[in-house]
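Reading through the structure tokens given below for one structure.
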């Protein structure tokens, strides 16, 4: 009986020892991971579409995004009015027509044109006679052969007619009449309206037979050879902008096509909304660019080299930024798993899809690792469920 009890006790201890060994083996196979390490099975790795890449050492630009529109400098825009009122006799122009400097835009008829030319020719003839008489009286006065009053009257009439003639010459010049070729045989009641610049006709406000006044705007002409950008820049960015800087801009409906411009004038004053206007010239004008178009622009400042990753590799959690480094491939219960390490960073400048990486600690150790550039948000989603991220 004593032998049977002894055998039972030995068997009981053997069973307990075996169970304890199995539990110990199981515990070792389910090793507790650090809080900043995430475990992915082969199936999870594949379904997440994870892609790895190394740190990039590249040029990073700090970019200011601005908007504005295409315009032209004042000397490239002309508002055309008639110096005198009249009736429109003819014009073949329409909006979008191209005209050259000195080209006739329209013909205007007015009886006052006849009167002005008549006055010029009459005054010119009177002045010729008055000048002859003045010179004669001047010579007689030098010999005391006439009275001083007679000489002074001839001088006054001569100088008065000379002023009148010069005044009429200026008026004829405004009407584009060549006074040197004007005579009694070529007086005309219909005169041309001349274009002051070359460019495209933006506005046409006339029709045949319409009476126009001297204050009416008849045409607007735009010379597109010198297109300019007018951009609005916030006060905080103004000090980073200098004349001579290059920028790239695009039209909203064609963002893939970029054009280059050069800043020619930085803002000197602030508007009520705390923005300032800057101007940039477009060296190579394209036919696709039209004055008045709205544009988006980016100005690169403070170019410098730095380590970076694609922007999608960086995730945010609890107001902190993280990237995931590949740690190792291992096995658990005979199945392959991949371990990733969450590393807290500071996010720097962004440029063309890449973001500068600033390591908060262990920078030299972290720089040579492989990092997740696709699938980072899937890893983040799993990691959020494991508790607070501590790195």
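Specify the inter-centroid distance of the range 96-162 and the range 164-192, based on alpha-carbon positions, in whole Å.
First find each Cα centre; the distance between them is then 12 Å.
Please compute the modelled spin-label separation between residue 160 and residue 52, points set 7 Å along Cα→Cβ, answer in nm with one decimal.
According to this spin-label approximation, the distance is 10.6 nm.
What FRET efficiency comes out for residue 129 versus residue 352 if R0 is 56 angstrom and r is the Cβ-Cβ distance? Round to the nearest 0.05.
0.10
Length gain on complete extension for the stretch residue 305 to residue 217, per 0.36 nm per residue less the alpha carbon to alpha carbon distance? Working shown, then result.
Numbers: separation 88, 0.36 × 88 = 31.68 nm, distance 5.55 nm.
The residue 305-residue 217 span can extend by a further 26.1 nm.
Relative to the first principal axis of the alpha-carbon coordinates of the chain, what is the inclination of helix 111-142, with its axis defined by its Cα atoms, in degrees from 0 to 90 and to the nearest 10?
60
So, in nm, how far is label residue 273 from label residue 331 when the simple model puts each one 7 Å beyond its Cα toward the Cβ?
Placing both labels 7 Å beyond Cα along the Cβ direction yields 6.6 nm.
Compute the relative contact order of the chain as a whole-number percentage, counting only Cα pairs closer than 8 Å that sit 6 or more residues apart in sequence.
So the answer I get is 27 percent.
For residue 32 and residue 142 in the same chain, what is the full-extension length gain: residue separation times 0.36 nm, less their Cα-Cα distance, in nm?
Extending this stretch completely gives an extra 26.8 nm.
Say a paramagnetic label sat at a point 7 Å from the Cα of residue 152, along Cα to Cβ; which residues of the range 123-140 have their backbone N under 19 Å from it?
134-140
Using alpha carbons only, how many degrees (0 to 90, rounded to 10) separate the axis of helix 2-29 from the longest principal axis of the chain?
Result, in degrees: 10.
Springs between alpha-carbon pairs under 10 angstrom, Gaussian network model over the chain: which of 311, 176, 47 fluctuates most?
So, out of 311, 176, 47, the one fluctuating most is 47.
Rank 162, 143, 257 by mean-square fluctuation in a GNM of the chain with C-alpha springs under 10 angstrom and give only the top-ranked residue.
Looking only at 162, 143, 257, the biggest GNM fluctuation is shown by 143.
So for the range 111-188, averaging the separation of alpha carbon pairs under 8 Å that are six or more residues apart and normalising by length, what relative contact order in percent results?
45
Which of these, 332, 312, 356, has the largest mean-square fluctuation under a Gaussian network model of the chain (Cα springs below 10 Å)?
Per the Cα network of the chain with a 10 Å cutoff, 332 tops the list.
By how many nm would the segment from residue 41 to residue 370 grow when fully extended, if each residue of separation counts as 0.36 nm and the alpha-carbon distance is taken off? Each step should come with its number before you reach the end.
Numbers: separation 329, 0.36 × 329 = 118.44 nm, distance 1.82 nm.
Residue separation times 0.36 nm, minus the Cα-Cα distance, leaves 116.6 nm.
At q = 0.18 Å⁻¹, what base-10 log of I(q)/I(0) does the Debye formula yield for the range 111-188 when every alpha carbon is treated as an equal point scatterer in vacuo?
Debye output, listed in q order: -0.71.
Before rounding to the nearest 500, sum -39500 (n - 2.57) across all DSSP H runs of length at least 4 in the chain and divide by the residue total; then give [θ] at 222 nm in deg cm²/dmol.
Mean residue ellipticity, 222 nm, calculated: -9500 deg cm²/dmol.
For the residues 107, 226, what sequence is obtained by ranking on other C-beta atoms within 10 Å, fewest first?
So the residues, fewest neighbours to most, are 226, 107.
Values in this text are rule-based calculations from the coordinates and carry no lab data. Since we're looking at a predicted model, the values are computed, not measured. Glycine gets a Cβ as well: all are built from the backbone with ideal geometry, and neighbour counts include every protein chain shown.
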